[in-house]
Amino acid sequence: MLDIIGLSAGYGKTVVCQKLSIHVGKGEVVSVVGANGAGKTTLLNSISGIVTKFGGQVLFEGNDISRLPPHEIVTGGLILAAGMESLFTPLTVYENLLVSLYPFRKRFGKEETGQRFSLVYDLFPRLYERREQKAGTLSGGERQMLSLAKALVTNPRMLMLDEPSLGLAPVVIDELFDTISRIAKEAGLTVLIVEQNVDRALAISDRGYVMDVGKIVMEGSAQSLLNDQKVKEVYLGMT
């Protein structure tokens with residue numbers, strides 16, 4: 001579904017990602033894990049058309065999207081849930097969801113818009129309870145739920161998640177990853193996750209890639225990476 005071929009990307013003249021190649025098959029959950037500063041967020045931002053690509057290709061469902069502007073990538077169904085920083089904190093939960101649907105305003109009629117809202121409220125009952133509450137007043141876990149809901153309300157063909165566990169308490173992280181896993185299985189949704197929380201991300205993934213200083217240094221099944229001591233010690237700083 002998504003093929004990244006020899007992708008190099010970065011900011012200004014600085015190359016952060018160096019000739020990366022990644023494949024995500026339809027219906028798969030794939031994680032890219034690595035320490036802080038490995039270039040994981042830059043990878044997602046380059047796929048989304050937000051940062052400069054210096055070379056390589058990004059193919060989505062067989063189509064080259066390397067040079068498309070971000071809004072065309074979004075309306076094509078490749079959606080990035082960028083975490084708490086992507087929220088409009090002065091707006092309510094409901095208004096944040098409504099803003100996410102703006103690029104799709106010609107596609108979703110009133111009835112389907114209502115159905116999309118019902119779906120995300122069913123997934124996240126707390127967001128329904130707080131639908132008139134400003135996003136800036138939500139807890140960290142609720143903000144991450146809202147970031148995920150903003151992506152899901154658009155009915156994505158593929159979902160990308162940028163550090164969904166960042167800044168959350170362990171019990172909230174468990175709840176969030178359980179939700180992501182359930183959504184992927186029940187909806188058959190294709191998901192690409194970048195994470196520092198290696199154990200939790202790989203536990204819900206089919207396959208994984210290890211990223212270090214802008215390069216892919218290892219890849220394999222999620223279970224094999226979880227069990228690889230070199231991965232834990234050398235690339236992820238775990239013992």
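The values are calculated or read from the model by the stated rules, or taken from the named source; none is laboratory data. From a predicted model like this one, the values you see are computed outputs, not experimental measurements. A quick note on method: Cβ atoms are made from the backbone with ideal geometry, for glycine too, and the neighbour counts reach across all protein chains shown. Ligands, DNA and RNA are stripped out before the accessible areas are found, and what is left, the full protein with its side chains, is counted by its heavy atoms. Shrake-Rupley method; radii C 1.70, N 1.55, O 1.52, S 1.80 Å.
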For this session: Can you tell me the dipole magnitude for the range 157-239 around its Cα centre, using point charges on the Cβ only (Lys, Arg +1; Asp, Glu -1), in Debye to the nearest 20?
Result: 200 debye
Exercise. Just by accessible area at a 1.4 angstrom probe, what is the order of LEU123, LEU138 from largest to smallest?
Worked result: LEU123, LEU138
For this session: Enter the accessible area of PHE177 (Å², nearest 10), with the probe set to 1.4 Å and all protein chains included.
Result: 0 Å²
For this session: With just the Cα atoms of the range 105-232, tell me how far they stretch along each of the three principal axes, in Å, largest first.
Result: 51, 31, 26
For this session: Pull up the DSSP beta bridges for the chain and report the antiparallel fraction as a percent, rounded to 5.
Result: 55 percent
Seminar exercise, completed: Mean-square fluctuation maximum in Gaussian network of the chain, Cα pairs under 10 Å, restricted to LEU78, LEU202, LEU91, hits LEU91
Problem set entry | Translational diffusion coefficient (Stokes-Einstein; Kirkwood radius from C-alpha pairs) of the chain at 20 °C, 1.002 mPa s, in µm²/s | 118 µm²/s
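Of the heavy-atom accessible surface of the chain (probe 1.4 angstrom), what whole percent is carbon and sulfur?
51 percent
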Exercise. What list of ³J(HN,Hα) couplings, whole Hz, do you get for the range 41-49 from phi and the Karplus terms 6.51, -1.76, 1.60, once you set θ to phi - 60° and write x for glycine and proline?
Worked result: 5, 4, 4, 5, 5, 6, 4, 7, x
Exercise. Put +1 on the Cβ of every Lys and Arg and -1 on every Asp and Glu Cβ in the chain; which of PHE117, VAL99, LEU68 then has its Cα farthest towards the positive end of the dipole?
Worked result: LEU68
For this session: Please get the size of the charge dipole for the chain, origin at its Cα centre, with Cβ charges of +1 on Lys and Arg and -1 on Asp and Glu, quoted in debye to the nearest 20.
Result: 600 debye
Exercise. How big is the charge dipole of the range 22-119 about its Cα centre, in debye rounded to the nearest 20, if each Lys and Arg gets +1 on its Cβ and each Asp and Glu gets -1 on its Cβ?
Worked result: 120 debye
Seminar exercise, completed: Per residue, accessible area of the range 81-135 with a 1.4 Å probe, heavy atoms of protein chains only, in Å², comes to 63 Å²
Exercise. Given 0.36 nm per residue, what is the gain on full extension from ALA203 to GLU61 after removing their alpha carbon distance, in nm?
Worked result: 48.5 nm
Problem set entry | 5 angstrom amide H check on LEU80, placed H, neighbours 5+ away | MET160
